[in-house]
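See below for the structure under consideration.
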Amino acid sequence: AAASDCEYRARSLRPLPAKSEVVVDLCICMDCTGSMGAWIDAAKTHLVAIIEELGCDIEVADIRVAFVAYRDFDDQGRKVIEPFASAKDVGRVVRCIRDQDASGGGDEPEDVISGVEGMRSLEWRGDVRMCLFVADACAHGYLPGKGAYQGHDDHPTGLCPDQKVFLPDLMHQFAHEDGVDLIMCQISNRTSKMEEMFKGVYAAADDKDPAAAELGPRGYGVLPMSSGASAFKEAILSCLSSSLLELIGNDTLTSGVQTFDGSTLSSLVSTMNSSLRESTHAVAERLRNAKEEAVVAAAAAAEEEDQ
């Protein structure tokens with residue numbers, strides 16, 4: 001599958017405790033250069049609601065949140081790091097995001113390496129570890145196209161003057177040593193070449209998984225943000241909720257609960273129209289009621305046939 005068709009499937013890299021004791025680490029890593037104003041505003045507006053609603057959906061012990069901003073070489077605020085905060089203290093992370101302005105970024109690519117270095121410096125402790133990567137431009141060395149269609153890159157080797165470790169090597173450490181999943185929030189097609197690299201890094205551990213070639217590697221996925229920043233909250237919630245429910249399970253809802261068309265509840269959640277997204281608990285209740293009604297109707301039909 002193409003990198004842009006890669007649906008996120010969470011990994012289970014460590015033994016999970018009982019669901020009520022699970023801690024989820026979630027880092028938002030965001031390009032904060034000049035073109036990203038609407039997306040920064042969406043994170044400011046919706047982050048608290050995302051964490052609160054996600055906590056209601058999956059009912060875990062805690063959802064710890066961190067934020068990393070990056071810009072470009074020589075930009076003011078080239079790298080900004082806000083360490084993990086528990087769900088009850090997520091306001092500290094929001095305050096950090098509110099301090100960010102969309103600024104900087106001379107050539108088209110940005111200093112993604114600084115963003116990944118920032119994420120690697122965080123204190124990852126969660127049983128499940130996830131990164132939302134929000135960017136509309138690629139890293140240095142990853143401009144798509146050729147000639148005039150490729151654009152301008154001040155650092156085409158992929159390294160800024162003060163850097164020594166290439167991005168694929170950093171990403172391999174992040175994915176396989178730190179054990180963090182990556183969800184690429186796809187804003188434009190100018191990140192396509194970088195997405196292919198991300199996908200390849202996560203696929204390196206899936207050589208023996210026959211589903212990896214068709215569905216994409218576990219631990220990495222692309223979340224198209226084609227509806228724009230106004231749908232940021234709904235898109236993020238749907239992706240995170242369905243993925244975590246499938247991995248962790250839920251007392252009421254599990255990935256194995258079948259809908260009447262044969263699909264699982266987690267896949268139903270992930271395909272809900274964002275404007276009609278409802279509580280997964282309400283969906284489950286309706287499914288149960290519908291199933292009970294179907295059983296009663298079938299019994300009545302059988303009794304009538306016997307008579």
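The values are calculated or read from the model by the stated rules, or taken from the named source; none is laboratory data. Remember, predicted model here, so these are calculated numbers, not experimental data. Cβ sites come from the backbone with ideal geometry, for glycine too, and all protein chains shown count toward neighbours. The protein model used for the area step is the full one, side chains on, heavy atoms only, and it has no ligands, DNA or RNA in it. Shrake-Rupley method; radii C 1.70, N 1.55, O 1.52, S 1.80 Å.
Listing for the model above:
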| read-out | value |
| --- | --- |
| Per-region count, the range 63-89, residues buried (at least 19 other Cβ atoms within 10 Å of the Cβ) and in a loop (DSSP other than H, G, I, E, B) | 5 |
| Those helices (runs of 4 or more DSSP H) lying entirely in the range 156-231 with at least 3 residues in contact with a helix residue (DSSP H, G or I) (Cβ under 8 Å, 6 or more places away or on another chain) and either aliphatic (A, V, I, L, M) or surrounded by 18 or more Cβ atoms within 10 Å (Cβ to Cβ) (or both) | 167-172, 192-203 |
| Failed item in (1) over 26 Å from Lys193 (Cβ atoms); (2) among the β-branched types (Val, Ile, Thr); (3) buried (at least 21 other Cβ atoms within 10 Å of the Cβ), with Ile28 passing the rest | (1) |
| Residue identified as touching a Phe, Trp or Tyr at 6+ places or on another chain (Cβ under 7 Å), open to solvent by less than 40 Å² (accessible area, probe 1.4 Å) and not aromatic (Phe, Trp, Tyr) among Ile97, Ile50 | Ile97 |
| Pairs where the first residue, in the range 107-134, is assigned to a strand (DSSP E or B) and the second is of a type in the set (Lys, Arg), C-beta under 8 Å, 6+ apart | Glu110/Arg71 |
| Tabulated pairs, the range 188-203, first of a type in the set (A, V, I, L, M, F, W, C), second open to solvent by 20 Å² or more (accessible area, probe 1.4 Å), C-beta under 6 angstrom, 6+ apart or interchain | Met194/Tyr142; Met197/Pro168; Val201/His172 |
